[in-house]
Amino acid sequence: MDRTPGSPLLLQLAAALPADGLIADAERLSPYASDGLSMYRELPLAVALPQTAAEAQSVLRVCHAAGVPVIARGAGTGLAGGALPRSDAVVLSLARLKRIVRVDPLARVAVVEPGVRNAAISEAAAAYGLYYAPDPSSQIACTIGGNVAENSGGVHCLKYGLTVHNVMGVRGLLADGSELVIGGAAPDASGLDVLALLIGSEGLLAVITEVTVRLLPRPRVAQVVMASFASVEDAGDAVAGIIGAGIIPAGLEMMDALATRAVEDFVHAGYPLDAAAILLAESDGTADEVADEIARIEAVCRQHGATSLTTSQSEAQRLKLWAGRKAAFPAVGRITPDYYCMDGTIPKKHLSAVLRRIAELSERHGLACANVFHAGDGNLHPLIFYNANQSGDLERAEAFGLDILRACVEAGGTITGEHGVGVEKLDAMCVQFVAPELAAFHAVKAAFDPAGVLNPGKAVPTLHRCAEMGAVHVHGGQVLHPQLPRF
Amino acid sequence: MDTLASQIEGGAQTARVASPEEALLADAVRTAAAEGRVLHIVGGGSKVGLGGVPRGSPLSTSALSGIVDYDPAELVVTVRAGTPLAVLQGELARHGQMLPFEPPDWPGATVGGVIASGISGPRRPFAGSVRDALLGVRLLDGRGQVLQFGGRVMKNVAGFDLFRLQAGAWGRLGVVLEASFRVLPRPESEVTVTQRLSAAEALERMNRLAGQPLPLSAAAHVGGVLHLRVSGSNAGVTAALSSLGGDRLPVDVAAAFWASSAGLPPAAAIESDASVAAPLWRLAVPSTTRSLAAEGEVAIDWVGGLRWLRSDAPAEVVRALAAGLGGHAAAWRGNLACPVMHPLDPVTAQLHRRLFAVFDPHSVFDHGRFDAA
């Protein structure tokens, strides 16, 4: 396969697509060379930009017949390299499938194409007092198709769930172009829960061409409490105290001192600079519900030694308090040339221990680390500082990152809470799963895509790779599905 | 548990270590596979009547009993599959918590059966289904291997969600040995109000209310009466009640009503009349679907998304009705000579067959309920 104009593959793809629907020159391919994990770059063979599901189907048929890998792509905001191209693959961009097919306010359902931006769904539903709940931080840019591929979360998922809890059905295409219809506006499709399997499958099982999402009534009121603590332990205890009191906050976020200072310098959200950790706890609902819940959250924070408490008294103040948390990543980006964002999840009770471990690792690897958490669901985002222009720094950052993920698994947690595995966490997968489980993932992939055309090499490491890193011992003949290729 | 480093150095990562009880089940599965026999997994047997007569020899999960890990502040409970549901519910209640999806608590029901059947109760449109609350499972597959998917944390996107796939799989992919659920605090206050309305009026009203920021936790229509339940803080419930109106049901009457409606038509005396009444169908449809009274609808639940029909019509007719409405129909009770599950389209059916082969290549596990695939 080559990118030469006039190659048979490119001719067939061009015939399947609108006039401007195929990119195959290096200059215009360049924006597609990476996704949000920009440390990895590769130019694909071509980028196909269909405008309809039928055109996407034709692209799949052409590629399937030619044995050319297909990498589906939304807005390219993913943080794990799930949409990273390969030089022998066609990138199938769903960005032009961006119609909102319908919003049904009475049934509280929206049907949208995969290229519709996450935030655009809520915008379309706003007139009816409804919204789409999952709100990943990239929501103004990321697409619902990408959210389905990654099972994206957001700061409100403790109360409102992840993508998997808010998507009711999908239409899609298998690798060979056959049409798949799973679920819809009626609850619980017949048979196995294939929908749950597709959501978060990182483009390995199917290409999504339409999504039916559940819309929720927009809460009338929201208020946020910002509490500072003299130690991370106190803040962690306050988190346990809030949940233990029977409160499910709409958002519950924690930041350590390094992150807090970086943010305060950047956006002046009013965060205290002397706190070891700050907590943001949001309540939403009716006025009565919120007043009651906020009073209880404040009481729990005081009980656990909060050194200061600020409760938003206006929508402007609420947004200002959140602006700091939402700017955490760019704020850190101002004080280090590069940072590497991790995404482990742990049982909340091990928060202090894991943070101590991260501090030790930070010293051992000689790299600083700021910590930002979705505290309510135990999802950590340690931000490792490094300098890509300094030789060996990236490798140290990656080694530090893998050590953090090991610590998460040791604490009973997981290597990725919401960003996905992509290419980034293939090694960490070897730490979390045993060989027969990885083999089951490969077999499920083969059940959907026997030819291995869709996003090959992502999300699930080969057993050989795990054996190389010493995490899985593969004994000849004892491995599941010996017929599957292991690279 | 050993540290991870020693697990890796010790080579334990080749496989999960089975407990003695799990090892016995694994032996039984391997033996059945070798002898070409079929097993049907039995918990408490409370759902045996759903889905026809089980095939093969029983494989009991009763030795897998007990709560493995529960820390209320984590909102996560890990429990062995043979644990009676009532035991789990009792322990959660002692800590002011509950399973979000309100499963039917039929006598003898076990946690494994709750997962296998995937039947969610009246709270489902507001708090999610069985699979929504599932965070991870330990599974014994058809080769007798112990596999672990998901985990004990709220957010986890490592690997395909093969744990959620077990909810509603009726044991076709393996024996769930242990599972972790997300739990919720029990609401401080819970009140049910009723209002006499036609089915059409009730459908309109419940759908409209579900689009408003009210602490609704159930909405059903039975016997010409709309039942609305609100749950939450005292302040929130009081405020909601003033806007809803209707007659307040006594607490015990309301509790009995909703308990009976989990997995069955609300307040229907199913067991006693099963021999005389027409077959019972469970239809999942878009929530704003018209009243199906003319087709035998006896109850509406899930804000209109779930319809219970009693109908003597041929199975193809009921299924065509459901499919035409954008939904599907399960043959729930009665002597129905048809597959239990709504038939699958050819593409989905082929995926099912391949997934069965992944987990159960020797067809050890009873597949009667999946005849449609």
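Which residue, of B:W106, B:W170, is within 12 Å of chain A (Cβ to nearest Cβ), in contact (Cβ under 8 Å) with a residue 12 or more places away in the chain and either in a loop (DSSP other than H, G, I, E, B) or not aliphatic (A, V, I, L, M) (or both)?
After applying the criteria, what remains is B:W170.
Of the residues that sit in segment B:146-167 and are closer than 15 Å to A:L192 by Cα and in contact (Cβ under 8 Å) with a residue 40 or more places away in the chain, which one is surrounded by the most Cβ atoms within 10 Å (Cβ to Cβ)?
Ranking the qualifying residues of segment B:146-167, first place goes to B:Q166.
Is it true that A:V91 is more than 21 Å from A:G21 (Cβ to Cβ) and not in a loop (DSSP other than H, G, I, E, B)? Step through it out loud before you land on a result.
On the way: more than 21 Å from A:G21 (Cβ to Cβ): no; not in a loop (DSSP other than H, G, I, E, B): yes.
Considered against the rule, which asks whether it is more than 21 Å from A:G21 (Cβ to Cβ) and not in a loop (DSSP other than H, G, I, E, B), A:V91 comes out as no.
Test of understanding: among A:A75, A:A119, which residue is within 16 Å of the chain's Cα centre (by Cα), of a type in the set (A, V, I, L, M), closer than 30 Å to B:P286 by Cβ and not in a helix (DSSP H, G or I)?
Only one candidate qualifies: A:A75.
Please go through segment A:172-194 and give me each residue that is more than 9 Å from every other protein chain (Cβ to nearest Cβ) and surrounded by 22 or more Cβ atoms within 10 Å (Cβ to Cβ), ordered by number.
Within segment A:172-194, A:G172, A:L173, A:A175, A:G183 meet the criteria.
Which is closer than 30 Å to B:A210 by Cα, touching a residue at least 40 places away in the same chain (Cβ under 8 Å) and not acidic (D, E), of A:V70, A:V155? Before the answer, list the steps.
Numbers: A:V70 fails: closer than 30 Å to B:A210 by Cα.
Among A:V70, A:V155, only A:V155 is closer than 30 Å to B:A210 by Cα, touching a residue at least 40 places away in the same chain (Cβ under 8 Å) and not acidic (D, E).
Residue-wise test of (1) within 14 Å of chain A (Cβ to nearest Cβ); (2) touching a residue at least 40 places away in the same chain (Cβ under 8 Å); (3) touching a Phe, Trp or Tyr at 6+ places or on another chain (Cβ under 7 Å); (4) on the phi > 0 side of the Ramachandran plot.
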{"position": "B:P58", "(1), (2), (3), (4)": "no, no, no, no"}
{"position": "B:V68", "(1), (2), (3), (4)": "yes, yes, no, no"}
{"position": "B:A73", "(1), (2), (3), (4)": "yes, no, no, no"}
{"position": "B:R80", "(1), (2), (3), (4)": "no, yes, no, no"}
{"position": "B:P84", "(1), (2), (3), (4)": "no, yes, no, no"}
{"position": "B:Q89", "(1), (2), (3), (4)": "no, no, no, no"}
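Would you mind finding the one in B:R143, B:R94 that is farther than 23 Å from A:D188 by Cβ, within 13 Å of chain A (Cβ to nearest Cβ) and surrounded by fewer than 22 Cβ atoms within 10 Å (Cβ to Cβ)?
Details: B:R94 fails: within 13 Å of chain A (Cβ to nearest Cβ).
Within the list B:R143, B:R94, the selection yields B:R143.
Taking the options A:L215, A:L273, A:L258, A:L279, name whichever one is surrounded by 24 or more Cβ atoms within 10 Å (Cβ to Cβ) and more than 14 Å from chain B (Cβ to nearest Cβ).
Criteria check complete, one pass: A:L279.
Return the residue satisfying two criteria in turn: it lies in segment A:458-473 and is part of a loop (DSSP other than H, G, I, E, B) and surrounded by fewer than 17 Cβ atoms within 10 Å (Cβ to Cβ), and of such residues it is modelled with the highest pLDDT.
Out of the qualifying residues, it is A:M469.
Does B:A331 count as closer than 25 Å to B:S129 by Cα, more than 9 Å from every other protein chain (Cβ to nearest Cβ), buried (at least 23 other Cβ atoms within 10 Å of the Cβ) and of a type in the set (A, V, I, L, M, F, W, C)?
Spelling it out, B:A331 is indeed closer than 25 Å to B:S129 by Cα, more than 9 Å from every other protein chain (Cβ to nearest Cβ), buried (at least 23 other Cβ atoms within 10 Å of the Cβ) and of a type in the set (A, V, I, L, M, F, W, C).
Is it true that some residue in segment A:352-364 is within 14 Å of chain B (Cβ to nearest Cβ), out of contact with any Gly (no Cβ under 6 Å at 6 or more places or on another chain) and within 20 Å of A:K159 (Cα to Cα)?
Within segment A:352-364 (the criterion being within 14 Å of chain B (Cβ to nearest Cβ), out of contact with any Gly (no Cβ under 6 Å at 6 or more places or on another chain) and within 20 Å of A:K159 (Cα to Cα)), the answer is no, since none of the residues qualifies.
Enumerate the pairs (first residue in segment B:335-355 and at the interface with another protein chain (Cβ under 7 Å from one of its Cβ atoms); second residue anywhere and acidic (D, E)) with beta-carbon separation below 7 Å, excluding pairs fewer than 6 apart on the same chain, so at least 6 apart or on different chains.
B:V347/A:E179
Quick one: in segment A:133-162, of everything that is part of a helix (DSSP H, G or I) and over 10 Å from the mean Cα position of the chain (by Cα), which residue is nearest to A:F329 (Cα to Cα)?
Per the criteria, the residue is A:C157.
Quickly run through segment A:195-212 and pick out the residues that are facing chain B (nearest Cβ under 8 Å) and not hydrophobic (A, V, I, L, M, F, W, C).
A:G200, A:S201
Six or more apart or on different chains, Cβ atoms under 6 Å: show the pairs whose first residue is in segment A:109-122 and surrounded by fewer than 24 Cβ atoms within 10 Å (Cβ to Cβ) and whose second is part of a loop (DSSP other than H, G, I, E, B) and at pLDDT below 95.
As it stands, the answer is A:A119/A:Q139; A:A119/A:I140, since those pairs meet every condition given.
Please work out which residue is nearest to A:A80 (Cα to Cα), limiting yourself to segment A:415-457 and to residues that are assigned to a helix (DSSP H, G or I), facing another protein chain (nearest Cβ under 7 Å) and touching a Gly at 6+ places or on another chain (Cβ under 8 Å).
The qualifying residue nearest to A:A80 (Cα to Cα) is A:M429.
How do the pairs read when you match residues in segment A:166-186 that are free of Cβ contacts under 8 Å to residues at least 12 places away in the same chain with residues anywhere that are surrounded by fewer than 22 Cβ atoms within 10 Å (Cβ to Cβ) and among the hydrophobic types (A, V, I, L, M, F, W, C), using Cβ under 7 Å and keeping only pairs 6 or more apart or on different chains?
A:S178/B:V347
Quick one: which strands (runs of 3 or more DSSP E) sit completely within segment B:207-306 and have at least 3 residues that are more than 14 Å from chain A (Cβ to nearest Cβ) and modelled with pLDDT under 95?
Those strands (runs of 3 or more DSSP E) span B:297-301.
Could you tell me whether A:A80 is in contact with a Ser or Thr (Cβ under 8 Å, 6 or more places away or on another chain) and in a loop (DSSP other than H, G, I, E, B)? Don't jump to the end; show me each part of the working.
Values: in contact with a Ser or Thr (Cβ under 8 Å, 6 or more places away or on another chain): yes; in a loop (DSSP other than H, G, I, E, B): yes.
Yes; evaluated as a whole, the condition is true for this residue.
The values are calculated or read from the model by the stated rules, or taken from the named source; none is laboratory data. Since the structure is predicted, the reported quantities are computational estimates derived from the model, not experimental observations. Please note: Cβ atoms are built from the backbone with ideal geometry, for glycine as well, and neighbour counts cover all protein chains shown.
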